[in-house]
């Protein structure tokens, strides 16, 4: 069928099956990939376009319905002269685009609003943008950007030497606000074949494949376990336990079994029932009780007791020390599987280039991907090239392999480009999750409120395969006592296999789960001794000079007390406001809560080096070669700022080559909050190295000022001015590496697990609807010790985005395999759920970091749930022991507490 | 590949329905049910049929065309009787869904959590159905027969929703309980319409959704409200026993016990809103 319509102001004609989604027609046939697909179900709003001027999910519109109508996409935005609209400029100035995957949808929703109402209030912005989900920003900067379109000022580019600390606009921002950024599904070659993966409908089963020959005759290939040269992958070199394609046995619902390879329409048309798989379901192991039962069947035959790993941190004599405590609190806390819910599903494509394979993929870790793909394919790592596409959110979930080995194997075998894009339900079923945790905590203090002893046992459900489970089980014992000086500690972490999705890396590696427990204990002890909850924490905060539970003395940069000092006036005012409100209201009660955290930056007691290069070409191009992948958090910009200042040239003159394993050196993974600290230091050293080379050439002193115009580099050293013709100087290349100094932990968990730690304290004000058990978070104030904010706008964006995910963890997010595999049953916070967030940046300099900086990627999330849950307790007297605190759970607890009160029992 | 028909005339649509077709209007339920697979059914797109769209009124009441969208309803000039349905319209999905989703689609999808159903039950709406044997009118509660089931025969289409004009001054309200602010499926919701005479509730119609396979009216509560003074004490008349027609279940959004408990609060708040 032919469809004639108006597309971005021009007459357009399209032909194809009329039931084709508008989103697919725009992307696949009309080359307008600025419209993104996050769910194909109207749940996320990423594909929002204007249809006859109204915002519409283009995944819900049939091309047959578009005849004669007017479609406007993000590509229509512009000032008419190739420049940006004021809305796009405002998004850039406010840092409203992080990964950029929701940005097109947000912009189009905002355009609809602004045409009606040029100066909307916050509530109007929320109503208009409420249908678009963002997982990165926490929405704050998006709301700011839309509200201030008419007044927004562009950010001036900082001069040479002043980039660090400036609110520089993202260096990769323009493609994100114009829809030109290319994500995993956006640049698939036209001649590519496609893969559709057939996945297990069972949590645990054996299976036999029937005769695949008929399918193979219809398709280019049907891949099974037999086609995988080494059928095991995993994060750790010694644990390659997850098959690329299951071999006769599946261990979780959603596990990959067969890959159908062919023309896209062809593989989509084949239903799972047409693939001959004879299943023999077996009773699955669900939950920690089942996994640790004496007679539990084994999830993996060679993993006795279903145990993945355990670890301990022991210092002093915790058991004895409790006897001397004036007050002791204890509790048991449980958390659920949590889904990353990045708005971009896993996507990528591969092609064979001679004896090498090239994988273009959305990822957080190109070098680890390279080595893993090579291992699966039995190739040398140098034979694999990973080219990261723009990454539409990761949060830890795009560290593991997803489409990579499948597209690589198929492209290798068929010698044709092969692509694979997960559907939303597939992404949710197949990918890793945050570990469900059961945390038993016991804390004691003396009569003055000084903490004396702590015992924590954190038990994690690691799902069917190891993934990052060992990282969680190692990291948590180090952090589980919280950011406090406690002389006697026993902290235990352990992880068990179950027939659930593999639990892997998710922003915080288990620390957010543990923080719910230790912060509840702080509240209880403070209340018991009638000490203010903030002051109790202040009294016990780790400070520079203190020794941690692993025996590490913190020499510098332990700014928790400063964070609490910064919160104190807000805390006191919030208490006054809440008391005034509660004196009046009956059915709704408000409360204030506080959460603190610390977070070790980088790998736990393991080398995690970064290497960066900064080059100056004969043509005068200054280029930063960065292997650090920007997944939205802003490392492209941060590295540029650091390198520019280290060289002594303006950030605007730095060109960037990022991620590609053929063009950049290994800067490690984008996780563990390590890029600013580790790769940033490498970038600083690389910049300084280049500067040294320039100064040597110019025979100039260390304070010389550089300026670059074309191929002419001018070096001013006092009165001496030297001009270097770069064309004759040849290519200059600076290089820098950094590996944060750590030591292994001994049998008692003693050692230096991290070179530095981030600290933070957040407070939340909430309103609880007593009758319904619903919680509205009214305000959050977040004070974070970041060492040095290289770019305050980006730092705030990380904190606000982390807070939104922490809010989801506390109040609504619970992944249930087979039940919440979409974005309407699995709830993440919308623009109306995240309150205004005030960020306070504390800069307690870390001498090891670039300009004193540490990391902030994960810390934003960790204290949020504790602060919210503490506020709910303040409002209602109910201490949540299980998250998410869904309305029915809170209401039932409120009713139970009321009944205990009336029957005289202690609450 | 299936057929795709987009007739302009209702008669042509009805003719086409002699053969089985999946009916497509706003697409907000059609496409989510077809994620990641080829769409090979025969599709009848009724979005191009002008007579199915729009809102009109006459002496007996209002006619809401089947493919009227939530946004069109919100923008329509309607009396306070429709305030509840408009409140529901603002709570259906996000703005994108409101711009695409249709009133009749919400009914034909027959989800227990359809936000429009309690409102239209409380408005005493009737569903106009066209088919080979001509037109028929069904009360809404008879139209929806179960979870994802309706009284619609294969060859029939909903053409309009009729809302009768009350004899007296009337108001309505809607309240939805969900776990997040936007894009949320209700844990429970309730709608009420009251007719007012001499400062008293002359008659009341209340319905609750997401607490039974099909949203249900609450006749005992309606009886308890009839004749009551229209003031803040109205809400006190809600008793748990009035919820007898409901049969809530445990699901991911909430427990059955919670639903039973929360619905009482939701109904009281709704009546407070109406009395204010």
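Each value in this text was obtained by applying a stated rule to the coordinates, not by laboratory testing. Quick caveat, the model's predicted, so the values are computed rather than measured. Neighbour counts are summed over all protein chains in view; Cβ atoms, including those assigned to glycine, are modelled from backbone coordinates with ideal geometry.
Below is a table of values for the structure above.
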| read-out | value |
| --- | --- |
| Cα gyration tensor shape of segment A:744-786, rounded if a/c is under 1.5, else prolate or oblate by comparing a/b with b/c | oblate |
| Distance between segment A:107-135 and segment A:559-620 - C-alpha centres, whole angstrom | 28 |
| Cα centroid separation, segment A:142-168 to segment A:265-313 (Å) | 50 |
| Most mobile of B:252, B:163, B:214 in a GNM of chain B (Cα contacts under 10 Å) | B:252 |
| Spread of Cα-to-Cα distances over 5 Å intervals beginning at zero, given as percent, for segment B:120-225 | 2, 11, 17, 19, 18, 15, 11, 5, 1, 0 |
| Where a label projected 7 Å from the Cα of residue B:60 along Cα→Cβ would reach, residues of segment B:133-148 with amide N under 14 Å | B:135-139 |
| Cα-based Rg / Dmax (Å) for segment B:169-275 | 13.6, 45 |
| Whether segment A:797-907 is rounded, prolate or oblate, judged on the alpha carbon gyration tensor where a/c under 1.5 counts as rounded | oblate |
| Rg(Cα)/(2.2 N^0.38 Å) for chain B, N = residue count | 1.01 |
| Likely footprinting exposure, A:178, A:737, fewest C-beta neighbours within 10 Å first | A:737, A:178 |
| Whole-Å semi-axes of segment A:513-668's equivalent ellipsoid (Cα gyration tensor) | 45, 21, 15 |
| Taking only Cα atoms of segment A:610-738, radius of gyration then Dmax in Å | 14.4, 46 |
| Per-selection Rg to Rh, segment A:186-233 - Cα, Kirkwood hydrodynamic radius | 1.02 |
| Segment A:2-76: mean projected area of Cα convex hull, nm² | 4.1 |
| Packing-based exposure ordering (other Cβ within 10 Å, fewest first) of A:742, A:640 | A:742, A:640 |
| Residue A:323/residue A:546 FRET efficiency (R0 22 Å; Cβ-Cβ; nearest 0.05) | 0.35 |
| Packing-based exposure ordering (other Cβ within 10 Å, fewest first) of A:134, A:57 | A:134, A:57 |
| Overall form of segment A:501-553 per C-alpha gyration tensor (a/c, 1.5; a/b vs b/c) | oblate |
| Kirkwood hydrodynamic radius (C-alpha pairs) into Stokes-Einstein, chain A, 10 °C and 1.306 mPa s, D in µm²/s | 56 |
| For segment B:1-146, convex hull volume per residue from C-alpha positions, Å³ | 124 |
| D (Stokes-Einstein, µm²/s), Kirkwood Cα radius, segment A:315-376, 0.692 mPa s at 37 °C | 189 |
| Between segment A:484-518 and segment A:420-476, the alpha-carbon center distance in angstrom | 3 |
| Separation in nanometres of the label points that stand 7 Å from Cα toward Cβ, at residue A:587 and residue A:282 | 5.4 |
| Convex hull per residue volume in Å³, alpha carbons only, for segment A:300-439 | 184 |
| Relative contact order %, segment A:2-76, counting alpha carbon pairs below 8 Å whose residues are six or more apart | 41 |
| Contour minus Cα-Cα distance for residue A:735 and residue A:657 (0.36 nm per residue) | 26.6 nm |
| Mean separation of Cα contacts under 8 Å, 6 or more apart, over the residue count of chain A: relative contact order % | 14 |
| Percent of alpha-carbon pairs separated by more than 19 Å within segment A:728-815 | 66 |
| Set of segment A:202-227 residues, backbone N closer than 19 Å to the point 7 Å along the Cα-Cβ line of residue A:263 | A:214-222 |
| Intensity falloff of segment A:56-180 expressed as log10 I(q)/I(0), Debye formula with alpha-carbon point scatterers, at q = 0.11 Å⁻¹ | -0.40 |
| Relative contact order %, chain B, counting alpha carbon pairs below 8 Å whose residues are six or more apart | 16 |
| Calculated [θ] (222 nm, deg cm²/dmol) that DSSP helices of n ≥ 4 give over chain A, each run adding -39,500 (n - 2.57) | -8000 deg cm²/dmol |
| Between helix B:256-275 and chain B: long-axis angle, C-alpha atoms, 0 to 90°, nearest 10 | 70 |
